[in-house]
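Before any comments, here is the structure.
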Amino acid sequence: MEEHPQARLIVDTLAKAGFIAYYAGGWVRDLLLNHPSDDIDIATNAPPETIQTLFSHTVPLGIAFGIVLVIIDGHQYEVATFRQDLDYQDGRRPSRIAFTTAVVDARRRDFTINGMFYDPLKDEILDYVNGRSDLEAKIIRAIGNPHERIKEDRLRMLRAVRLSCRFGFTIEKETEKAIRAHANELFPFVAIERIWQEFTKGYRNGKLRHMLIQLHEFGLLSTIFPSLQQTSLDTLQHLLAPIKDYPAKAPLIASLLPLFPNTTLEEQLQLCKTLKLSNMDHQFVTFLFHAKELTSLTRPVERVEWAYFYANAFAPVSLQILAAHFDPRRHAAFLLEHEEQMQFLEKSIERIQKHDPVVKSDDLLKEGIQPGVTMGILLKEADRIAINEQLHTAGLVLEQLKKYPIWPK
């Protein structure tokens, strides 16, 4: 058994004060699957006010729901009082709760495999919902009535699919029927940020493609993205096939874009806005769109344009993403061509990244060019000459620049 001294200290402290406390939920599931983590939630019969008095560093994370964050040596643990959730009205959270026993608390949870407790003092699993047998049978089963569990929290539908894909488990028939029956009820009950969190977890587990396919199969993906309502499962699988070859560093949004082929940049940015993504994601989507355009051009592209493209931090990942959409032979040739071109332009790329052009304003001042519009034009042209002709000293570039009509007579 892996030791978690801070979590164990919390359980010990509560036990010495006369209360019971267990590790709860996902951590117990993962322990039984033999990949325990440090992400431990603790459930107890101690009231939240008592928890706050027993520990010196606490944050009232959700006192109304009996949840207190306990911080020990920089480690954070959610400590929640056993509760029963009552009066669900918004499809996400109960309007009130009642403190209760471990047995009743287990029955309010989402799936049987997430409803077990672990007593670290006795090294014992407490299973009031038959979670262990479902874990062994590789089944995702809602606790109690699946329709009620889903109506309490519509996000549970996505969570069921994510867990199914993560572990390779089957969703039990009645639970699956309930998901299909309520698939069109995600909104307005679930915020888009929560859906994005589920996508993110699926992506981190390397199961996003499978998750998106299963979400579509259950009618959930077309609820999230209505434009996919007429998309067949076969078409969706075809669209998503390349993402299995995307680089690990590709941002999550890159794996969703293939769902929307032939969309304009404005439409892709609107998608980012709808999903409430970061400015960084907006910038990446913009760069990837232009990368696709640039690498598809039939006209000759100047070295200066390539150098600025390669100098962007998004370039390596974007090229790998674009290559993933080619057949294997073209894939390799495409990446090799750009690798060779990058090596050839290496000095220029480094200069661009360091904001260190060959010809600077001081060089032009020495030639009698005063600051202003003309100097700006000449600096830009000097940069173009330096990169296109691979000249790395100011004198050689100026020599060429003086032959241009834009050089003041």
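The values are calculated or read from the model by the stated rules, or taken from the named source; none is laboratory data. Values in this document were obtained by computation on a predicted structure and should not be read as measured data. Using ideal geometry, Cβ is built from the backbone for each residue, glycine included, and neighbour counts are taken over all protein chains shown. SASA here: full protein model, heavy atoms, side chains in, ligands and nucleic acids out. Shrake-Rupley method; radii C 1.70, N 1.55, O 1.52, S 1.80 Å.
Taking region 32-55, which residues are part of a loop (DSSP other than H, G, I, E, B), open to solvent by less than 40 Å² (accessible area, probe 1.4 Å) and among the aliphatic types (A, V, I, L, M)?
Scanning region 32-55 gives I40, A46.
For the condition in a helix (DSSP H, G or I), open to solvent by less than 30 Å² (accessible area, probe 1.4 Å) and of a type in the set (D, E), what is the one hit in E193, E198?
Checking each option against the conditions leaves just E198.
Here is a list of conditions, (1) touching a Lys or Arg at 6+ places or on another chain (Cβ under 9 Å); (2) within 17 Å of R162 (Cβ to Cβ), and A241 meets all of them except one; can you say which number that is?
Exception for A241: condition (2).
Within region 273-296, track down each residue that is open to solvent by less than 40 Å² (accessible area, probe 1.4 Å) and either of a type in the set (A, V, I, L, M) or outside any helix (DSSP H, G or I) (or both).
Within region 273-296, L275, L277, V285, L288, A291, L294 qualify.
Restricting to region 224-272, count the residues that are more than 16 Å from I321 (Cβ to Cβ), part of a loop (DSSP other than H, G, I, E, B) and either among the aliphatic types (A, V, I, L, M) or touching a helix residue (DSSP H, G or I) at 6+ places or on another chain (Cβ under 8 Å) (or both).
Here the count works out to 3.
Quick one: which helices (runs of 4 or more DSSP H) lie wholly within region 90-154 and hold at least 3 residues that are at pLDDT below 95 and not hydroxyl-bearing (S, T, Y)?
The qualifying helices (runs of 4 or more DSSP H) are 102-107, 146-152.
Can you tell me which residue in region 297-315 is most open to solvent (accessible area, probe 1.4 Å), limited to those that are in a helix (DSSP H, G or I) and hydroxyl-bearing (S, T, Y)?
If we take residues in region 297-315 being in a helix (DSSP H, G or I) and hydroxyl-bearing (S, T, Y), then Y308 is most open to solvent (accessible area, probe 1.4 Å).
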